[in-house]
1. Please go through the residue pairs 231/374; 349/387; 172/376; 65/117; 264/349; 128/376 and name each one whose alpha carbons sit more than 28 Å apart in this structure.
2. Normalized C-alpha radius of gyration of the stretch 33-207, against 2.2 N^0.38 Å?
3. Could you compute the FRET efficiency for residue 342 and residue 187, with r as their C-beta to C-beta distance and R0 at 41 Å, rounded to 0.05?
4. Go ahead and collect, in residue order, the members of the stretch 262-294 whose backbone nitrogen is under 16 Å from a label point 7 Å along the Cα-Cβ direction of residue 373.
5. For residue 206 and residue 383, what does the FRET efficiency come to when R0 = 30 Å and r is the distance between their Cβ atoms, rounded to the nearest 0.05?
6. Average projected area of the Cα convex hull of the stretch 67-169, in nm²?
7. Dividing the Cα convex hull volume of the stretch 109-193 by residue count, how many Å³ per residue is that?
8. Using only the alpha-carbon atoms of the stretch 328-392 as identical scatterers, what base-10 log of I(q)/I(0) does the Debye formula give at q = 0.16, 0.23, 0.28, 0.29 Å⁻¹?
Amino acid sequence: MIMDNLQNLLSQVAIIKQKNDELIAATGGNFNMFRVCGVNYYENTHSAILAEFLRPDGTHGFKEKFLQCFVDMFCGETLKQNFMCDKAKVHTEHTTDEGRIDILIEDGKRAIIIENKIYAGDQWEQLKRYNKYAENKFGTGNYQIFYLNLWGHEASEQSGEGVSYIPLSYEKNVIAWLEECCRMAALLPTVLVRDTIIQYINHLKSLTNQGMATQSREEITQLLCRDENIKPAFIIGDNLTNLKNYLINEKFLPQIAFICEELKLDNKSQKQDWVNGSYTGFVIHNPKWKFFNIKFSFFCKIGLENFFFGISHIDKNDKNPIKNDTLSVVIKRLSQENYQHTDQWAAWKWFIHPYKNWGLEAMMAIHDGSLKDKFKHELEKLLELTKGIENM
């Protein structure tokens with residue numbers, strides 16, 4: 001009986017999903033210039049967009065209204081009452097002795113600091129340094145620090161411990177603020193600002209896995225709330241972790257093993273709990289290399305988020321190879337391809353869009369084999385860029 005209900009529920013959800021996709025396609029909902037222009041995972045680009053909306057002298061023509069809306073929605077009472085939005089200046093990538101602040105908004109006496117994280121990790125004591133800067137320049141109680149990211153996660157302990165900051169999410173907070181801005185924009189005869197905000201909202205919904213239309217989501221919710229569907233819905237939800245682990249362990253790991261065999265590499269990746277495990281990833285060793293491994297890892301401790309890859313030290317305490325001239329040439333070559341360097345990682349970069357977070361798209365790509373092809377392509381490029389390391 002339960003299996004019949006499960007199958008029936010899945011069939012009905014599939015019908016709603018198909019209708020939703022057809023409606024979005026028919027109404028031009030798939031067209032989005034932010035997506036076309038590659039505005040996806042780069043913090044600086046999103047910071048520039050947000051800053052433009054927040055600027056009282058921005059080209060949107062609404063003066064301080066969008067900024068005032070932001071202050072009213074998210075700031076504490078002191079700033080709500082005293083921050084002079086009409087006199088505010090908005091800076092992006094603002095350089096200080098304590099580091100570069102993504103967005104700094106200040107009225108001369110008070111400040112709003114926004115640290116914008118799409119997928120990058122926290123720098124060492126980042127919020128602590130920004131708090132020190134704000135404390136010295138504006139004084140206690142005259143500033144607010146926001147930690148903005150896709151889902152509203154808190155900052156790492158080393159970055160934000162002891163700092164009074166407010167986590168904000170693109171998923172809910174930024175979209176809610178932009179929807180208020182959109183309502184303001186609707187009051188003017190011109191639709192250009194309103195339509196631009198709508199496109200950006202839709203883009204953020206896509207980045208935060210909210211691509212389904214409101215009507216379709218409500219229809220699915222009503223479907224799940226039927227007496228015969230509540231239990232099957234929870235059974236499906238409880239097994240999503242098992243599904244992800246199965247797809248990675250039973251489908252993707254064998255694909256990686258096949259790729260390594262083709263490229264004459266040693267596959268050291270193992271089955272594990274990918275959703276709940278700490279520092280999950282794939283380890284590949286080039287038998288010609290003495291000091292390094294190739295790793296594909298998830299940045300977050302728990303969950304399949306922030307997928308990146310590169311070459312890391314086998315022994316993280318052994319930094320002698322970094323002084324090698326050959327390695328220096330290789331790292332310079334990699335840096336020209338947007339790889340970054342840290343103590344533990346000789347070079348690393350984010351995995352290609354849209355597979356930085358392993359949700360539905362990544363699981364479907366594992367299932368149909370397309371992620372295997374992209375994985376192999378990135379691995380081959382990395383091997384080409386690192387030629388010379390084996391001669392150290």
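1. As for pairs spanning more than 28 Å Cα to Cα, those are 231/374; 172/376; 128/376.
2. 1.00
3. About 0.25, to the nearest 0.05.
4. none
5. Taking R0 as 30 Å, the efficiency between residue 206 and residue 383 is 0.40.
6. Averaged projected hull area, Cα only: 6.0 nm².
7. 118
8. -0.63, -0.98, -1.19, -1.24
Quick note: the coordinates plus some simple rules give every number you see, no bench work behind them. Since the model is a prediction, treat every value here as computed from it, not as a measurement. A quick note on method: Cβ atoms are made from the backbone with ideal geometry, for glycine too, and the neighbour counts reach across all protein chains shown.
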